[in-house]
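Participant: Attaching a single structure in structure tokens format; questions to follow.
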Amino acid sequence: MAKKASLSTMTEQMQTDISSQPSAFLENSLGSAQERIAILEQRLAEEVNHRIDVESRLHRSTQEFEYLLHQRTELLQELVMQLQAEIGQRDGVEHQLRKRTDVMHDFIKQLEQEMEDRRSVESSLRRSEERFRNVIEKSPVGICITNQQSLFEYVNPAYCALFGYEAKELQGKPFSMLFGVDELPQVESLYRRIFNGQAEMRGERTLLTKAGQPITVLTDSVHSTNDSANGEDDGKKLIVFVLDITRRKQAEDMLRRAKVIIDKSPAVIYQFSLKPNFPLEFVSENINQFGFTAQDFTSGAISFLHHVHQDDRDKVFDSFRHLSKTKADHLRREYRLITRKGRTCWVEDSLMAVRDADGIVIGYQGVLLDIDERRRAEEEMNKALLKEKELIELKTRFVTIASHEFRTPLTSILLSVGILRDFSHVINEEERLESLARISNGVHHMTGLLDNLLMFGRAAAGEIRPKRSSMKIRSWCANFAANVQERYGQKHTLLYAPPVREQDYVVDEGMMRQILDHLLSNADKFSPDGSPVYFNVNLDDEKIVFHIQDSGIGIPLDDLPRIFEPFHRGTNIGNIGGTGMGLAIVQKMVEYLNGSISVQSDLGKGTTFTVTLPLASPFEQGEPLMADSF
Amino acid sequence: MKKILVIEDDESIRRSVGMMLRISGFEAFYAENGSIGLQMATQSMPDVIICDIAMPVLDGYGFIQELRKNSATSNIPVIFLTAKASEEDVAKGKALGANAYLTKPIWPADLLKIVQEQLGQQA
């Protein structure tokens, strides 16, 4: 550079010398130029030499450099290869590293999550603990914690309220203070056993309140090992839960008692809803009195309504309808129930409608009572009442008729007595005797009437006991027929047909005679003179049958049903005398001999009475034979 | 002589009443039931009729109803002489037009008095 600068400076000098001193200068310049050229040439040579030197050095250097470069390149290549190999290795490591890093990240995340969770758990634990405390404090269940010495360590408010104590009154006091004096001796050993897990607290027991009031409680306990805050284990505890079940117990007792009462009572209680077929939702156990179990109905296996007597079902449905249509709440009805065994049983059902708030019937409940006996008794009573009424009517009529019957002979007597007393001066001897005879007849008639009445009264009251006597039928009848014929005299012929064989017969002979006497006497009275009277006696293995047939006035059709009534006399008998008691008495006596009597009559032609008496003796064996009659 | 018809189913009473009337100066007729009595009343036109009530065929009630229906006999006094002694019986008898109602038994003098009363009123 320095050379370049000197060259340009020399050039500039020469240019300035030329311009300013052309000839001199030229000469001067030629000489100097020569000199300068020589210097320059020298310098150039030097320069060239130097350059050559430099170039040779450069070349050498280049060679060296190239060699070095080559060497270095190789080294570099080697290095690169090495590097590449290293890089390859490094990639693997990096990958592993990345994976490990990922794992690490995950782990950290997990850790964070866990920490988060743990924080959340801790917080919920805190909340839970708070809630737990709250629950215990506000629990309706009495809770206490007692220690080994059976002393209260903690009591919750419910526990205090239950026994009427303040918490401070209980804390530190023995558990046994809640027990009655009688139980005290066992309480401690019981507590020990419970505490040691040898007995259970679970169960019902009666404890005393502060006021000494016994209450029934349900108790249970758990053991706990309580770590105190300072890390010291202050020992095993018993946590006791107490639930007041006094009311429940009372209710249960009442229910149990009610159930016993219901089940032992004859009244069956039931309830059913308005579902199809009216299934019973409840029925008391005492439905078993009808042969069913409660489950038969509540399970739907048996329909109650199907066991209501077919003829009464409409009545039952009507009562449902009545209750649902009207505002009536209660309806009592009686109907027949078919028991499981198929027996018909009268029941009284007091049906009540169960209504919702709008008054709509949503179901029914009722009380069912077996009134079969009552109903039958009622029926019997009604029958008895009817009979009684008939009897009273009969009695009234009897008295009326009897009074009439007595008045007639009394009238006759009084008239005759009156004639004898008040008209004695005008009557002749014949009239006097006639009057006296009428008095006598009247008295006889009345006496007969009285006898018959008494007889009938005794018979009606069941006061007659047939008297046992023995006879041979055939001979007795023959004898009897002969006596009747004697009485009839010329008036009638008794046509007697005897039984075909002889037969021993034990009977009340007097009673049998009276029966036949009455009937044969009637035949006489009501048939015209000269007409025959038939008296047939038939025997078979079981009975004797007497037929008494007359050819008399007969009995009007209207009178036939009444001829055995006391005092009833045929409307066609005219003046024919009698008390009207004969046939009534005959019928009673036939009844007493376990026999029967029937009548067949044609008005104006005659009447036939048939009396049938059993051969089988109505008398008890060993009863003394009597030959008495009345 | 006044004619008295006695309608009575009991012979003994009929005869006693008849005897009492006869010895007291009356002419007595007899009938044993209402039906015969009605026939005799129409035929004989008695001045007074003594009539029982409980009788077969036609009783005293039936008799008096029939008797009153017939204008010829409707005014004949009828004395019921009967064992029917209840108030209802008496009321019924009177309602049917009986002029007197006497219950059995009766003293003949009392009966006679009533017969005479009926005859006196008639006169």
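The values are calculated or read from the model by the stated rules, or taken from the named source; none is laboratory data. Model, not experiment: these values are computed from the prediction. Counting neighbours? That spans all protein chains shown, and the Cβs are built from the backbone with ideal geometry, glycine included. What goes into the accessible areas is simple: the full protein's heavy atoms, side chains included, and nothing from ligands, DNA or RNA. Shrake-Rupley method; radii C 1.70, N 1.55, O 1.52, S 1.80 Å.
Participant: Please report the base-10 log of the normalised intensity I(q)/I(0) for the range A:151-233, using a Debye sum with one equal scatterer per alpha carbon and no solvent, at each q in 0.12, 0.19, 0.20 (1/Å).
Facilitator: Reported log10 I(q)/I(0), two decimals: -0.40, -0.97, -1.07.
Participant: Would you jot down the residues in the range B:1-44 that end up with at least 50 Å² less accessible area in the complete protein assembly than in the chain alone, with a 1.4 Å probe?
Facilitator: Output list: B:Ile13, B:Ser16, B:Met19, B:Ile23.
Participant: For the range A:139-250, what is the relative contact order in percent, using Cα pairs closer than 8 Å and at least 6 residues apart in sequence? Please list the in-between numbers first.
Facilitator: Working: 207 pairs, mean separation 30.6, N = 112.
27 percent.
Participant: Still on this model: What residues qualify as long-range amide H neighbours of A:Met581, i.e. H under 5 Å apart, gap of 5 or more or another chain, H built at 1.01 Å from N?
Facilitator: Those qualifying (amide H under 5 Å, at least 5 residues apart or on another chain) are A:Phe567.
Participant: Restricting to DSSP H runs of at least four residues, report the calculated mean residue ellipticity at 222 nm for chain A, -39500 (n - 2.57) per run over all residues, nearest 500 deg cm²/dmol. Provide the component values of the computation, followed by the final result.
Facilitator: Working: 13 runs with 323 residues, N = 630.
After summing the helix terms and dividing by the residues of chain A, the value is -18000 deg cm²/dmol.
Participant: For the range A:499-530 and the range B:37-112, compute the distance between their C-alpha centroids and round to whole Å.
Facilitator: So the separation of the two Cα centres works out to 42 Å.
Participant: Give me the 1.4 Å probe accessible area per residue for the range A:466-614, excluding ligands and nucleic acids, in Å². Numbers along the way, then the final one.
Facilitator: On the way: 6450 Å² over 149 residues.
Each residue of the range A:466-614 exposes 43 Å² on average to a 1.4 Å probe.
Participant: Please list, in chain and number order, the residues 5+ apart from A:Phe292 or on another chain whose amide H is under 5 Å from its amide H, with Hs placed from the backbone.
Facilitator: Excluding prolines and chain starts, which carry no amide H, the hits are A:Arg340.
Participant: Still on this structure: How much of the calculated P(r) for the range B:52-123 lies past 17 Å, in percent of all Cα pairs? Intermediate values should be presented prior to the final figure.
Facilitator: Values: 1133 of 2556 pairs.
Beyond 17 Å sits 44 percent of the P(r) for the range B:52-123.
Participant: Report the A-B buried area as the accessible area lost on both sides summed, probe 1.4 Å, in Å² to the nearest 100. Write down the numbers at each step before the final one.
Facilitator: On the way: alone 40660 and 6330 Å², together 44670 Å².
Result for this pair: about 2300 Å² buried.
Participant: State the percentage of accessible surface on chain A attributable to carbon and sulfur atoms; use a 1.4 Å probe and exclude ligands, DNA and RNA.
Facilitator: Values: 21600 of 39490 Å².
Whole-percent figure for carbon plus sulfur exposure: 55.
Participant: Please report, largest first and rounded to whole Å, the three semi-axes of the ellipsoid equivalent to chain B, where each semi-axis is the square root of five times an eigenvalue of the C-alpha gyration tensor.
Facilitator: Details: eigenvalues 65, 55, 42 Å².
Largest first, chain B gives 18, 17, 15 Å.
Participant: Then there is this: Residues of the range A:261-303 with backbone nitrogen within less than 20 Å of a virtual label 7 Å along the Cα-to-Cβ line of A:Thr344, please, listed as ranges.
Facilitator: Of the residues in the range A:261-303, A:290-292 have backbone N under 20 Å from the label point off A:Thr344.
Participant: Where the convex hull is taken over the Cα atoms of the range A:391-521, what is its projected area averaged over directions, in nm²? Please list the in-between numbers first.
Facilitator: On the way: hull surface 48.1 nm².
Projected area, direction-averaged: 12.0 nm².
Participant: Right, here's the next one. At 1.4 Å probe size, what's the solvent-accessible area of A:Thr16? Round to the nearest 10 Å².
Facilitator: Counting only protein heavy atoms, A:Thr16 exposes about 80 Å² to solvent.
Participant: Would you please state the base-10 log of I(q)/I(0) at q = 0.15, 0.18, 0.21 1/Å for the range A:466-614, with intensities from the Debye formula using one equal scatterer on every alpha carbon?
Facilitator: -0.75, -1.08, -1.43
Participant: Same structure, new question: Between A:Leu433 and A:Lys264, what is the label-point separation in nm under the 7 Å Cα-to-beta-carbon projection?
Facilitator: Roughly 9.1 nm, to one decimal.
Participant: Solvent-accessible area per residue for the range B:3-122 at a 1.4 Å probe radius, Å²? Numbers along the way, then the final one.
Facilitator: Values: 4800 Å² over 120 residues.
In whole numbers, the range B:3-122 has 40 Å² accessible per residue.
Participant: For chain B, modelled as a Gaussian network with Cα springs under 10 Å, which listed residue fluctuates most, B:Val90, B:Val78, B:Val57?
Facilitator: Between B:Val90, B:Val78, B:Val57, it is B:Val57 that shows the largest mean-square fluctuation.
Participant: Per residue of the range B:40-57, what does 6.51 cos²θ - 1.76 cosθ + 1.60 with θ = phi - 60° give for ³J(HN,Hα)? Whole Hz please, x for Gly and Pro, Karplus curve as stated.
Facilitator: Here the 3J(HN,Hα) series is 5, 4, 5, 6, 9, 6, x, 7, 9, 10, 9, 10, 7, 9, 6, 9, x, 6 Hz.
Participant: Across the range A:466-614, how many lysine pairs separated by 8 or more positions, or lying on different chains, have Cα atoms within less than 28 Å?
Facilitator: Lysine pair count for the range A:466-614: 10.
Participant: I'd like the accessible area for A:Leu410, computed on protein heavy atoms only with a 1.4 Å probe and all protein chains in place. Round to 10 Å², please.
Facilitator: 70
Participant: Between 0 and 90 degrees, rounded to the nearest ten: what's the tilt of helix A:372-422 against the longest Cα principal axis of chain A?
Facilitator: With both axes taken from Cα atoms, the answer is about 20 degrees.
Participant: Can you give the accessible area per residue of the range A:116-163, in Å², using a 1.4 Å probe?
Facilitator: Numbers: 3160 Å² over 48 residues.
Spelled out: the 1.4 Å probe surface of the range A:116-163, per residue, equals 66 Å².
Participant: With a point put 7 Å past each Cα toward its Cβ, work out how far A:Ala377 is from A:Val103 in nm, to one decimal.
Facilitator: 10.0
Participant: Just to be sure I understand the model, the point goes 7 Å from the Cα along the line to the Cβ. What's the resulting A:Ser424 to A:Asp318 distance in nm?
Facilitator: 7.9
Participant: Can you work out ³J(HN,Hα) from phi for every residue in the range A:595-605, in order, using Karplus 6.51 cos²θ - 1.76 cosθ + 1.60 and θ = phi - 60°, giving whole Hz and x for Gly and Pro?
Facilitator: Karplus-based 3J(HN,Hα) across the range A:595-605 equals x, 9, 9, 9, 9, 9, 8, 10, 4, x, 10 Hz.
Participant: Tell me the volume per residue, in Å³, of the convex hull enclosing the alpha carbons of the range A:247-365. Mind showing how you got there, number by number?
Facilitator: Numbers: hull volume 14.2 nm³, N = 119.
Per-residue hull volume (Cα only) is 119 Å³.
Participant: Which value in deg cm²/dmol, rounded to the nearest 500, describes the helix-derived mean residue ellipticity at 222 nm for chain B, given -39,500 (n - 2.57) per DSSP H run of n ≥ 4 and division by the residue count? Can you show the working numbers first?
Facilitator: Values: 5 runs with 58 residues, N = 123.
The per-residue figure over chain B is -14500 deg cm²/dmol.
Participant: Report, in cubic angstrom per residue, the convex hull volume of the C-alpha atoms of the range A:377-458.
Facilitator: Working: hull volume 5.8 nm³, N = 82.
In the range A:377-458, the Cα convex hull volume per residue is 71 Å³.
Participant: Here is a further query. Please compute the average number of Cβ atoms from other chains found within 10 Å of each residue's Cβ in peptide A:418-424.
Facilitator: Values: counts 10, 9, 1, 3, 6, 7, 0.
Mean inter-chain Cβ contacts per residue within 10 Å come to 5.
Participant: Here's something else I'd like to know. Over 13 Å apart: what share of the alpha carbon pairs of the range A:111-158 falls there, rounded to a whole percent?
Facilitator: Cα-Cα pairs of the range A:111-158 separated by over 13 Å account for 67 percent.
Participant: Roughly how large, in nm² to one decimal, is the mean projection of the convex hull of the alpha-carbon atoms in the protein assembly as shown? Walk me through the numbers before you get to the answer.
Facilitator: Details: hull surface 434.4 nm².
Hull-based average projected area comes out at 108.6 nm².
Participant: Further, regarding this structure: Find out how many positive minus negative residues lie around A:Asn538, taking Lys and Arg as positive, Asp and Glu as negative, among other residues whose Cβ is under 14 Å from that of A:Asn538. Present the calculation step by step, with values, prior to reporting the outcome.
Facilitator: Values: positive: A:Arg474, A:Arg501, A:Lys543; negative: A:Glu502, A:Asp540, A:Asp541, A:Glu542.
Net of charged neighbours comes to -1.
Participant: Assuming R0 = 56 Å, can you tell me the calculated FRET efficiency for the pair A:Lys387 and A:Gln213, based on Cβ-Cβ distance, to the nearest 0.05? Provide the component values of the computation, followed by the final result.
Facilitator: Values: r = 65 Å, r/R0 = 1.17.
Computed FRET efficiency for A:Lys387 and A:Gln213 comes out at 0.30.
Participant: With the full set of protein chains in place, find how many percent of the accessible area of the range B:3-122 is carbon and sulfur; take the probe as 1.4 Å. The partial results should precede the final answer.
Facilitator: Values: 2210 of 4800 Å².
In the range B:3-122, the share of accessible area belonging to carbon and sulfur is 46 percent.
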